[in-house]
Amino acid sequence: MGFTTKALHAKPTNKDTYGAMRFPIYQSSAFEFEKAEDLEAVFKGQKMGHVYTRSSNPSIEEFELKVKTISGAFGVIATATGMAAISNALFALVKSGDNIITTSFLFGNTLSLFQTLFSDFDVEVRYVDVNDLEAIKKNIDARTRLLFCESVSNPQLIVPDFLAIKSVLKEYNIPLIVDTTMTPWNIFDARKNGVDVEIISATKYLSGGGHVLGGLIVDNGTFNWKNHANLEPFFKKFGPFAFMARLRKETFRNLGATLTAQSAYLLSLGLETLDLRVQRSCSNALAVAKHLQERSEVISVDYPLLEGSRAYANASKQFSGGGAIVTFSLANKEKAYTFLNNLSIIKRGTNIQDNKSLAIAPYHTIYAEYSDEQKASYELNEGMIRLSVGIEDLEDLIADIDKALEISAS
Ligand SMILES: *Cc1c(COP(=O)(O)O)cnc(C)c1O
């Protein structure tokens, strides 16, 4: 079955009692049991069942199983937000005195998590250029517990070579954890490309309408958790499920960042049209990037699948779509703001991968708390615009962009 057929027809759980075509929202905190013995058996893990929604709930499970079916993953846990997925997954794999390897080209809040909480808990964060394999090797030691990066960084649009990174990590038994929010399964087969654990902000492409927050931790089943120092007791008890088991029984359950049943329902709905929306947004984005290249007002344009872009080689061999984000620069802040303020269809806002196109000047907003030197090191500039291209009709987007560019140039 193809991606969308699976998303529509794969039946991951039992049929609904009333045969509802759409799995219901089980809006209940707890679940009752006929017999005390049954409740005990579920608590002991001898029987499947839901007891309390913070740990599990039928609607959330339906969403997780749908993701598992579509992605072919080994294990899936849904969380309240993308940040919850990142923090839960990473805190399940590190402890005080450990270190992780990453890059400084990260989603703003991920970077902030690394710069604050991780150091508070004495986990050292080593920043490298993830396309520099020698630098990765040099930073690995006996306490290195994982390498974390993003499938496409934004707004810089850097794309790592995952199989190359994996080949280094393999020698040292270190898992490759990648935030693949920018490139869902239909345009990037992360598992085949060496990614052991995928972390996704479901708030973005999966939701599509920009209406709910959600996150996913996806274990691709490719890393042997036997070789992970912090999962030893869990491997002894749960074998290959060690990572999922630690999350379910400790990190996730105790931190309590549970997705709501209502959000799970909406995200399941989003999965059904994911491929249609992502294909449309990617083809719009590539066309917009090519169009911007032709405009004299535009100083530089970047898009992973734009020929000549820095990411092109890695993106074209790993992805079948370049994602929603196009980054381009106008001469200065004034021109960028005149452009932004004269957009009619494209909205000014900070989200990405919404059905609607959104634009923002990251230098002055997302990175407002950073110094000019730091912003320069993150490759940001004052006239930079991050455009998240939606699923509108292409001609309307181009007309909106052209009108705003002309006014900014005058
Ligand atoms: C939005 C985003 C996140 C955080 O997700 P939330 O659902 O907002 O918590 C993490 N990583 C990337 C790449 C994102 O775009």
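The values are calculated or read from the model by the stated rules, or taken from the named source; none is laboratory data. Predicted model, so just to flag it, every value in this text is computed and none were measured. Quick reminder, even Gly has a Cβ in these numbers, built from the backbone with ideal geometry, and neighbours come from all protein chains shown. Protein only, heavy atoms only, side chains kept; ligands, DNA and RNA dropped before computing areas. Shrake-Rupley method; radii C 1.70, N 1.55, O 1.52, S 1.80 Å.
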Might you check whether a residue that is more than 16 Å from the ligand (Cβ to nearest atom) and touching a helix residue (DSSP H, G or I) at 6+ places or on another chain (Cβ under 8 Å) occurs anywhere in region 106-123? no
Checking E369, E395, E382, E373 in turn, the sole residue that is of a type in the set (D, E), assigned by TED's automatic domain parsing to the domain that holds A287, assigned to a helix (DSSP H, G or I) and within 25 Å of Q115 (Cα to Cα) turns out to be E373
What number goes with the only condition from (1) farther than 25 Å from E373 by Cα; (2) in contact (Cβ under 8 Å) with a residue 24 or more places away in the chain that I100 does not pass? (1)
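Yes/no matrix, rows are residues, columns are (1) in contact (Cβ under 8 Å) with a residue 40 or more places away in the chain; (2) out of contact with any Cys (no Cβ under 7 Å at 6 or more places or on another chain); (3) more than 27 Å from F162 (Cβ to Cβ):
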site	(1), (2), (3)
T327	yes, yes, no
S357	yes, yes, yes
H364	no, yes, yes
S377	yes, yes, no
I401	yes, yes, yes
Tell me the residue from L405, L397, L343 that is more than 25 Å from the chain's Cα centre (by Cα), surrounded by 18 or more Cβ atoms within 10 Å (Cβ to Cβ) and within 29 Å of L267 (Cα to Cα), please. L397
Residue that is farthest from I70 (Cα to Cα) [pool: residues in region 258-308 that are surrounded by fewer than 19 Cβ atoms within 10 Å (Cβ to Cβ) and small (G, A, S)]: S296
It is to be established whether one or more residues within region 157-168 are assigned to a loop (DSSP other than H, G, I, E, B) and away from the ligand (no atom under 16 Å from the Cβ). yes
Here is a list of conditions, (1) assigned to a loop (DSSP other than H, G, I, E, B); (2) buried (at least 23 other Cβ atoms within 10 Å of the Cβ); (3) among the aliphatic types (A, V, I, L, M), and A20 meets all of them except one; can you say which number that is? (2)
Considering only region 311-329, state which residues are assigned to a loop (DSSP other than H, G, I, E, B) and over 15 Å from E150 (Cα atoms). S320, G321
Has region 326-340 got at least one residue that is surrounded by 15 or more Cβ atoms within 10 Å (Cβ to Cβ), assigned by TED's automatic domain parsing to the domain that holds V298, in contact with a strand residue (DSSP E or B) (Cβ under 8 Å, 6 or more places away or on another chain) and among the charged types (D, E, K, R)? no
Unmet criterion (only one of (1) assigned to a loop (DSSP other than H, G, I, E, B); (2) not assigned by TED's automatic domain parsing to the domain that holds S56) for Q293: (1)
Can you confirm whether region 59-81 contains a residue that is within 12 Å of the ligand (Cβ to nearest atom) and open to solvent by 10 Å² or more (accessible area, probe 1.4 Å)? yes
Have a look at Y367, Y363 and point out the one that is open to solvent by less than 40 Å² (accessible area, probe 1.4 Å), in contact with a helix residue (DSSP H, G or I) (Cβ under 8 Å, 6 or more places away or on another chain), at negative phi and within 16 Å of the ligand (Cβ to nearest atom). Y367
Regarding region 20-36, can at least one residue be identified that is within 16 Å of the ligand (Cβ to nearest atom), touching a strand residue (DSSP E or B) at 6+ places or on another chain (Cβ under 9 Å) and of a type in the set (G, A, S)? no
Restricting region 74-108 to residues that are farther than 21 Å from S268 by Cβ and of a type in the set (S, T, N, Q), the one farthest from the chain's Cα centre (by Cα) turns out to be S96
Looking only at region 229-250, decide whether some residue is open to solvent by 60 Å² or more (accessible area, probe 1.4 Å) and assigned to a loop (DSSP other than H, G, I, E, B). no
Members of region 354-373 found to be over 22 Å from N341 (Cβ atoms) and under 24 Å from the mean Cα position of the chain (by Cα), listed by number: N355, E369, Y370
In region 201-226, how many residues are outside any loop (DSSP other than H, G, I, E, B) and either open to solvent by less than 10 Å² (accessible area, probe 1.4 Å) or at pLDDT below 95 (or both)? 6
